[in-house]
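The values are calculated or read from the model by the stated rules, or taken from the named source; none is laboratory data. All values derive from a computational prediction rather than experimental measurement. We place every Cβ from the backbone using ideal geometry, glycine too, and count neighbours over all the protein chains shown.
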Amino acid sequence: LAACTADQDDVVVIAVSSSTGRTSEAAAINWNKRRTHIVGNGPLRKMNPRTGIGFASTATSPCFTVSATNCSFVNISIAQFNDINVLVEVTAAYNTFDHVHFQGIANATTGDDTAARCLLITAAGENIFSNCTIGIDTIARSVANASLEVTGSCPRNQFINCDFPIWADNAGALALIATTGNCTERFLKFEHCMFHNASAVGGATNMTIMMDTGANGNGTVILDACGMLGATDWADTFTNLYSINTPTVPTQATAGFMQVLA
(Lines give C-alpha, C1' and ligand atoms only; values in the text may rest on other atoms or scores of the structure.)
Protein backbone atom coordinates (compact mmCIF):
# COMPACT_ATOMS: atom_id res chain seq x y z
CA LEU A 1 0.00 0.00 0.00
CA ALA A 2 2.82 2.40 0.83
CA ALA A 3 4.25 1.88 -2.65
CA CYS A 4 0.94 2.61 -4.38
CA THR A 5 -0.25 5.94 -5.74
CA ALA A 6 -3.94 6.77 -5.56
CA ASP A 7 -5.99 7.16 -8.75
CA GLN A 8 -3.66 5.31 -11.11
CA ASP A 9 -4.99 1.77 -10.61
CA ASP A 10 -1.89 0.32 -8.99
CA VAL A 11 -2.23 -3.39 -8.20
CA VAL A 12 -0.74 -5.25 -5.24
CA VAL A 13 -0.24 -8.93 -6.07
CA ILE A 14 -0.14 -11.49 -3.26
CA ALA A 15 1.87 -14.54 -4.24
CA VAL A 16 1.50 -17.91 -2.54
CA SER A 17 4.45 -18.37 -0.18
CA SER A 18 3.38 -21.23 2.11
CA SER A 19 0.62 -23.77 2.62
CA THR A 20 -1.76 -21.01 3.70
CA GLY A 21 -0.38 -18.34 1.40
CA ARG A 22 -1.38 -15.52 3.75
CA THR A 23 0.84 -12.65 4.79
CA SER A 24 1.40 -12.07 8.51
CA GLU A 25 0.48 -8.51 9.49
CA ALA A 26 1.39 -7.22 12.94
CA ALA A 27 -0.78 -4.10 12.67
CA ALA A 28 -4.18 -3.23 11.26
CA ILE A 29 -4.34 -1.93 7.69
CA ASN A 30 -6.34 1.08 6.46
CA TRP A 31 -6.71 0.72 2.68
CA ASN A 32 -7.06 4.44 2.02
CA LYS A 33 -5.88 5.05 -1.56
CA ARG A 34 -8.58 5.35 -4.19
CA ARG A 35 -8.39 3.04 -7.24
CA THR A 36 -5.79 0.73 -5.76
CA HIS A 37 -6.34 -3.02 -5.88
CA ILE A 38 -5.28 -6.37 -4.40
CA VAL A 39 -5.16 -9.56 -6.45
CA GLY A 40 -4.17 -13.05 -5.32
CA ASN A 41 -2.26 -14.97 -8.00
CA GLY A 42 -3.27 -18.48 -6.90
CA PRO A 43 -6.14 -20.61 -8.19
CA LEU A 44 -9.44 -18.76 -8.13
CA ARG A 45 -11.40 -19.96 -5.09
CA LYS A 46 -14.63 -18.89 -3.45
CA MET A 47 -13.70 -20.40 -0.10
CA ASN A 48 -10.26 -20.12 1.48
CA PRO A 49 -8.13 -18.84 -1.42
CA ARG A 50 -4.54 -19.78 -0.72
CA THR A 51 -3.46 -16.17 -1.18
CA GLY A 52 -4.37 -13.57 1.36
CA ILE A 53 -3.80 -11.40 4.39
CA GLY A 54 -3.43 -12.74 7.92
CA PHE A 55 -3.28 -10.67 11.10
CA ALA A 56 -1.43 -11.29 14.36
CA SER A 57 -2.89 -10.74 17.84
CA THR A 58 -1.19 -7.32 17.89
CA ALA A 59 -3.56 -6.00 15.22
CA THR A 60 -6.45 -3.84 16.40
CA SER A 61 -10.13 -3.97 15.51
CA PRO A 62 -11.03 -3.66 12.68
CA CYS A 63 -8.04 -5.48 11.24
CA PHE A 64 -8.66 -4.31 7.67
CA THR A 65 -10.49 -1.09 6.82
CA VAL A 66 -11.48 -0.08 3.30
CA SER A 67 -11.82 3.71 3.48
CA ALA A 68 -11.16 4.53 -0.20
CA THR A 69 -13.52 4.21 -3.15
CA ASN A 70 -13.27 2.31 -6.43
CA CYS A 71 -10.92 -0.41 -5.18
CA SER A 72 -10.98 -4.09 -6.15
CA PHE A 73 -10.09 -7.11 -4.02
CA VAL A 74 -9.88 -10.37 -5.96
CA ASN A 75 -9.11 -13.98 -4.98
CA ILE A 76 -7.84 -13.38 -1.45
CA SER A 77 -8.65 -14.51 2.07
CA ILE A 78 -8.58 -12.05 4.97
CA ALA A 79 -8.11 -13.85 8.27
CA GLN A 80 -7.84 -13.20 12.00
CA PHE A 81 -7.60 -16.25 14.26
CA ASN A 82 -6.96 -14.28 17.46
CA ASP A 83 -9.42 -12.59 19.80
CA ILE A 84 -10.15 -9.51 17.67
CA ASN A 85 -13.81 -8.60 17.22
CA VAL A 86 -14.10 -6.98 13.77
CA LEU A 87 -12.18 -8.42 10.86
CA VAL A 88 -13.07 -6.07 7.96
CA GLU A 89 -14.88 -2.73 8.00
CA VAL A 90 -15.91 -1.01 4.77
CA THR A 91 -16.49 2.72 5.18
CA ALA A 92 -16.34 3.81 1.51
CA ALA A 93 -18.54 3.26 -1.54
CA TYR A 94 -18.12 1.74 -5.01
CA ASN A 95 -15.73 -1.08 -4.10
CA THR A 96 -15.72 -4.60 -5.55
CA PHE A 97 -14.91 -7.80 -3.67
CA ASP A 98 -14.67 -10.90 -5.88
CA HIS A 99 -13.78 -14.35 -4.51
CA VAL A 100 -12.85 -12.97 -1.09
CA HIS A 101 -13.16 -15.10 2.05
CA PHE A 102 -13.75 -13.02 5.19
CA GLN A 103 -12.41 -15.42 7.84
CA GLY A 104 -13.60 -13.61 10.95
CA ILE A 105 -14.99 -14.78 14.30
CA ALA A 106 -12.32 -17.46 14.11
CA ASN A 107 -11.41 -17.56 17.80
CA ALA A 108 -13.41 -19.19 20.61
CA THR A 109 -13.36 -16.04 22.76
CA THR A 110 -14.47 -13.90 19.81
CA GLY A 111 -17.28 -16.36 19.17
CA ASP A 112 -18.58 -15.55 22.67
CA ASP A 113 -18.53 -11.75 22.09
CA THR A 114 -21.66 -9.92 20.91
CA ALA A 115 -19.49 -7.28 19.16
CA ALA A 116 -17.86 -9.82 16.83
CA ARG A 117 -18.30 -9.29 13.09
CA CYS A 118 -16.68 -10.86 10.03
CA LEU A 119 -17.72 -7.93 7.84
CA LEU A 120 -19.01 -4.53 8.97
CA ILE A 121 -20.32 -1.98 6.44
CA THR A 122 -20.54 1.48 7.96
CA ALA A 123 -22.17 4.36 6.04
CA ALA A 124 -21.00 2.96 2.70
CA GLY A 125 -23.11 2.20 -0.35
CA GLU A 126 -22.97 0.54 -3.75
CA ASN A 127 -20.34 -2.03 -2.84
CA ILE A 128 -20.51 -5.37 -4.64
CA PHE A 129 -19.55 -8.70 -3.07
CA SER A 130 -19.42 -11.44 -5.69
CA ASN A 131 -18.59 -15.12 -5.08
CA CYS A 132 -17.46 -14.32 -1.54
CA THR A 133 -17.59 -16.32 1.68
CA ILE A 134 -18.45 -14.40 4.85
CA GLY A 135 -17.54 -16.31 8.00
CA ILE A 136 -16.41 -19.81 8.94
CA ASP A 137 -18.11 -22.86 10.46
CA THR A 138 -15.28 -24.26 12.56
CA ILE A 139 -15.63 -21.99 15.63
CA ALA A 140 -18.77 -22.11 17.74
CA ARG A 141 -20.70 -18.86 18.21
CA SER A 142 -22.61 -18.68 21.48
CA VAL A 143 -24.08 -15.15 21.51
CA ALA A 144 -25.93 -12.78 19.18
CA ASN A 145 -22.95 -11.73 17.08
CA ALA A 146 -23.16 -11.51 13.28
CA SER A 147 -21.34 -12.54 10.15
CA LEU A 148 -22.40 -9.24 8.55
CA GLU A 149 -23.65 -5.94 9.90
CA VAL A 150 -24.72 -2.87 7.94
CA THR A 151 -25.08 0.37 9.89
CA GLY A 152 -25.46 4.02 9.00
CA SER A 153 -26.57 5.06 5.53
CA CYS A 154 -25.72 2.06 3.31
CA PRO A 155 -27.67 2.26 0.04
CA ARG A 156 -27.66 -0.41 -2.67
CA ASN A 157 -25.06 -2.88 -1.41
CA GLN A 158 -25.22 -6.24 -3.19
CA PHE A 159 -24.11 -9.79 -2.38
CA ILE A 160 -24.09 -12.09 -5.40
CA ASN A 161 -23.51 -15.85 -5.17
CA CYS A 162 -22.08 -15.54 -1.65
CA ASP A 163 -21.98 -18.11 1.17
CA PHE A 164 -22.54 -17.44 4.88
CA PRO A 165 -21.29 -20.51 6.82
CA ILE A 166 -22.03 -20.54 10.58
CA TRP A 167 -21.62 -22.95 13.45
CA ALA A 168 -23.94 -21.77 16.24
CA ASP A 169 -24.05 -23.23 19.71
CA ASN A 170 -26.59 -20.61 20.73
CA ALA A 171 -29.91 -19.88 19.03
CA GLY A 172 -29.15 -16.14 19.08
CA ALA A 173 -26.28 -16.19 16.55
CA LEU A 174 -26.99 -14.22 13.37
CA ALA A 175 -25.92 -14.03 9.75
CA LEU A 176 -27.04 -10.38 9.42
CA ILE A 177 -27.77 -7.40 11.64
CA ALA A 178 -29.46 -4.52 9.82
CA THR A 179 -31.42 -2.52 12.38
CA THR A 180 -30.19 1.10 12.38
CA GLY A 181 -31.75 3.98 10.46
CA ASN A 182 -31.01 3.98 6.70
CA CYS A 183 -28.82 0.86 6.94
CA THR A 184 -30.77 -0.71 4.06
CA GLU A 185 -31.45 2.58 2.29
CA ARG A 186 -33.06 1.90 -1.10
CA PHE A 187 -32.15 -1.82 -0.91
CA LEU A 188 -29.76 -4.44 0.38
CA LYS A 189 -29.74 -7.35 -2.06
CA PHE A 190 -28.72 -10.98 -1.70
CA GLU A 191 -28.74 -12.89 -4.99
CA HIS A 192 -28.19 -16.66 -5.13
CA CYS A 193 -26.70 -16.67 -1.62
CA MET A 194 -26.53 -19.58 0.82
CA PHE A 195 -26.99 -19.09 4.58
CA HIS A 196 -25.90 -22.31 6.28
CA ASN A 197 -25.76 -23.13 9.98
CA ALA A 198 -24.36 -26.61 10.54
CA SER A 199 -27.20 -27.61 12.87
CA ALA A 200 -28.68 -30.20 10.53
CA VAL A 201 -25.62 -32.42 10.24
CA GLY A 202 -22.85 -30.81 12.27
CA GLY A 203 -24.31 -30.83 15.76
CA ALA A 204 -24.77 -27.06 15.97
CA THR A 205 -27.74 -25.34 17.63
CA ASN A 206 -30.65 -24.32 15.46
CA MET A 207 -30.77 -20.53 15.23
CA THR A 208 -33.98 -18.64 15.92
CA ILE A 209 -33.54 -16.35 12.90
CA MET A 210 -30.91 -15.81 10.21
CA MET A 211 -31.40 -12.05 10.03
CA ASP A 212 -32.16 -9.30 12.53
CA THR A 213 -33.66 -6.82 10.07
CA GLY A 214 -35.62 -4.58 12.42
CA ALA A 215 -38.02 -1.99 10.98
CA ASN A 216 -35.79 1.08 10.72
CA GLY A 217 -33.64 0.31 7.69
CA ASN A 218 -35.48 2.78 5.44
CA GLY A 219 -35.23 0.34 2.53
CA THR A 220 -35.82 -3.25 1.52
CA VAL A 221 -33.84 -6.43 2.10
CA ILE A 222 -34.24 -8.51 -1.05
CA LEU A 223 -33.57 -12.25 -1.22
CA ASP A 224 -33.26 -13.37 -4.83
CA ALA A 225 -33.21 -17.18 -5.09
CA CYS A 226 -31.48 -17.60 -1.73
CA GLY A 227 -31.53 -20.60 0.57
CA MET A 228 -31.00 -21.12 4.28
CA LEU A 229 -30.56 -24.07 6.62
CA GLY A 230 -30.25 -24.24 10.38
CA ALA A 231 -32.63 -21.49 11.50
CA THR A 232 -36.31 -21.54 12.38
CA ASP A 233 -37.11 -18.48 10.30
CA TRP A 234 -35.49 -15.98 7.98
CA ALA A 235 -35.99 -12.91 10.18
CA ASP A 236 -37.67 -11.37 13.19
CA THR A 237 -39.35 -8.59 11.20
CA PHE A 238 -40.82 -9.05 7.73
CA THR A 239 -41.90 -5.45 7.19
CA ASN A 240 -39.13 -4.72 4.70
CA LEU A 241 -38.04 -8.24 3.74
CA TYR A 242 -38.93 -9.39 0.23
CA SER A 243 -38.15 -12.42 -1.89
CA ILE A 244 -37.81 -13.29 -5.52
CA ASN A 245 -38.40 -17.05 -5.80
CA THR A 246 -37.26 -17.56 -2.20
CA PRO A 247 -37.52 -19.96 -0.47
CA THR A 248 -39.81 -22.13 -2.62
CA VAL A 249 -39.39 -23.32 -6.18
CA PRO A 250 -41.15 -20.82 -8.47
CA THR A 251 -44.29 -21.91 -10.25
CA GLN A 252 -45.90 -20.52 -13.37
CA ALA A 253 -48.09 -18.37 -11.16
CA THR A 254 -45.29 -16.90 -9.07
CA ALA A 255 -42.25 -16.81 -11.37
CA GLY A 256 -40.94 -13.31 -11.84
CA PHE A 257 -42.97 -11.83 -9.00
CA MET A 258 -41.58 -10.37 -5.80
CA GLN A 259 -43.36 -11.79 -2.79
CA VAL A 260 -43.46 -10.71 0.83
CA LEU A 261 -41.93 -13.37 3.09
CA ALA A 262 -44.23 -14.45 5.91
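Structure notes:
- For Cys71, the conditions (1) buried (at least 17 other Cβ atoms within 10 Å of the Cβ); (2) over 24 Å from Cys183 (Cβ atoms); (3) not basic (Lys, Arg) all hold with the exception of (2).
- Against the numbered list (1) out of contact with any strand residue (DSSP E or B) (no Cβ under 6 Å at 6 or more places or on another chain); (2) buried (at least 17 other Cβ atoms within 10 Å of the Cβ), Glu89 comes up short only at (1).
- Filter result for Ile105 (in a loop (DSSP other than H, G, I, E, B), buried (at least 23 other Cβ atoms within 10 Å of the Cβ) and touching a strand residue (DSSP E or B) at 6+ places or on another chain (Cβ under 7 Å)): yes
- Restricting attention to the range 19-45, the residues that are among the charged types (D, E, K, R), modelled with pLDDT under 95 and under 28 Å from Asp113 (Cα atoms) total 1.
- Residues located in the range 108-130, provided they are buried (at least 22 other Cβ atoms within 10 Å of the Cβ), of a type in the set (Val, Ile, Thr) and not in a helix (DSSP H, G or I): Ile121
- Every residue from the range 203-219 that is at pLDDT 90 or above and either small (Gly, Ala, Ser) or farther than 16 Å from Leu148 by Cα (or both): Thr205, Asn206, Thr208
- Residue within the range 131-148 that is more than 20 Å from Gly230 (Cα to Cα), in contact (Cβ under 8 Å) with a residue 12 or more places away in the chain and part of a strand (DSSP E or B) present: no
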